[in-house]
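Since the structure comes first, as structure tokens, the remarks are kept for the end.
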Amino acid sequence: MSIYHFSVKNISRADGRSAVAAAAYRSGEKLIDERQGKEQDYTKKTGVELKKIYAPEHTNPELLDRNQLWNKVEKVENRKNSQLAREFEIAFPHELKKQEREQMLNELCQEIVKRHGVIVDAAIHAPHTDSGSDERNYHAHIMFTTRSIDEHGNLGGKTREFNDNGKQEVEFWREKFADITNKHLNMAGFIFANVDHRSYADQGDGLQATIHEGSKVTQLRRLGIDTEISLHNDAIKARNAENFEQIIKGLDQEILATEKNIAKLRTESPQGAKNTKTHTELTTQNKNALERKSEPSSHILQNISSEDKKTVVQLFKNKIDFLAKEILQQELQDSEKRIADAQEACRKSFDYIENLKDNKPINPFKINAWREELKNAVNQHNNKLKPNHSNLVADHHKTKNNGVTHEHWLKADAKMRQLDANGYQVIKQMEVELKNSNANVSVTRSQDHSKGR
């Protein structure tokens, strides 16, 4: 399952920040900070997958140079508390490849330029797996000027959208980023891996959000050390897991209701008399909505409205997501059982060693055999049982911290296909039809726009 992350930050001189230093770090370059008279050298930084500047077409070429751009910003913003730049920090779906991440970044940055008329300086960072970072943590820093480009191609007046309507503007971009993410996931073939920009509260699914942990807490987690924040978040995740089963049951009921509507349309179609009996028998035999078999039929799909198709597809996607979470929870439970078994084996081994120590033979002819047995028992305990327990604990923490991965999603997807292969194909057909429909609408709108309608 894809994880959604989109945050908005300000780079302000009042916080002791430098736009030149920020740009140097994000791009992994050496820039000269003319205002402070110092060199900002981050050329040793690794993991910069892409760095690129986006700007309106008529922008002064000098401002397309990273060093000149941000020094110009530092010069124009001359107050001690000046806001130097804004930044979007985004996470890419781990399902996407390098080229797909770049395409996704290009679209988002071009939208920023189009809406605000600003210069955008973006960089994609790869995860630092050597230091324990999650291997899926591909993300981007998107810095952009607080001033738009004027008719002469230079930095002009301040943009006011984030100042005058900050909450609404941030919400606009959160939703826009979710739409772009889902579009590129679907283009890459992941039609059931959509993200939702809304909070749990707004989604109304009864789930509770966790607290942001930050770099220090995350580092302690990687070392297997619990903190108040991490324990609090673990408790929230546990409560959320308890709600998954109830949510899935609710989704099944919604899918059941939707399929009843589809069945009604089937009986009203010219082939209805032929299909009604089969559908009724299958409905009686299977209580679970996803276990009923329904044959794909383009004729039937033609009688289903686009809204109903969207509903069915979205419910199916939600079911995939929750199944993936269930699979993760089962893995964690199995892992906890293996840890408990390993801990019990260590306890028994320790008791056995202590018993051997307490029963040292008096007979000198048995001393060597006793020593050898004790040595083997200690070796078994220290070199096999304890390391095995430690490895199981480390793997458990890693699985828990990683959360739902693409592998869980694949297992959930396979399970759904196995439960209802025909239904799976029907929904994929619906998805294709919806995409084609949206593409046709976009083409029509473009044609209307070019004709001045």
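Taking a 29 Å limit on the Cα-Cα distance, which of the listed pairs K44/K114; K319/K398; K183/K411; K310/K398; K167/K319 fall beyond it? List each step's numbers first, then the result.
Values: K44/K114 34 Å; K319/K398 25 Å; K183/K411 23 Å; K310/K398 36 Å; K167/K319 31 Å.
Check vs 29 Å cut-off fails for K44/K114; K310/K398; K167/K319.
Neighbours of N163 by Cβ distance under 12 Å: Lys/Arg scored +1, Asp/Glu scored -1, total +1.
Computed over the Cα atoms of the range 378-420, what is the ratio Rg over Rh, Rh following Kirkwood?
Rounded to two decimals, Rg over Rh is 1.31.
A straight chain from R35 to D358 at 0.36 nm per residue would run longer than the Cα-Cα distance by 108.8 nm. Annotation for F365 and K44: the two label points, set 7 Å from Cα along the Cα-Cβ direction, are 6.9 nm apart.
Once you reduce the range 155-181 and the range 19-75 to the center of their Cα atoms, the two points are 23 Å from each other. Listed values for the range 312-325 are Karplus-derived 3J(HN,Hα) couplings in whole Hz (6.51 cos²θ - 1.76 cosθ + 1.60, θ = phi - 60°), namely 4, 4, 5, 5, 5, 4, 4, 4, 4, 4, 6, 5, 4, 5, and x replaces Gly and Pro. Past the 30 Å Cα-Cα mark, which pairs from K97/K176; K176/K415; K176/K325? Table pairs above 30 Å Cα-Cα are K176/K415.
FYI, it's all coordinate maths here, none of it is from the lab. If you're wondering where the values come from, they're calculated on a predicted model, not measured in any experiment. Positions of Cβ are backbone-derived with ideal geometry, glycine not excepted, and every protein chain shown enters the neighbour counts.
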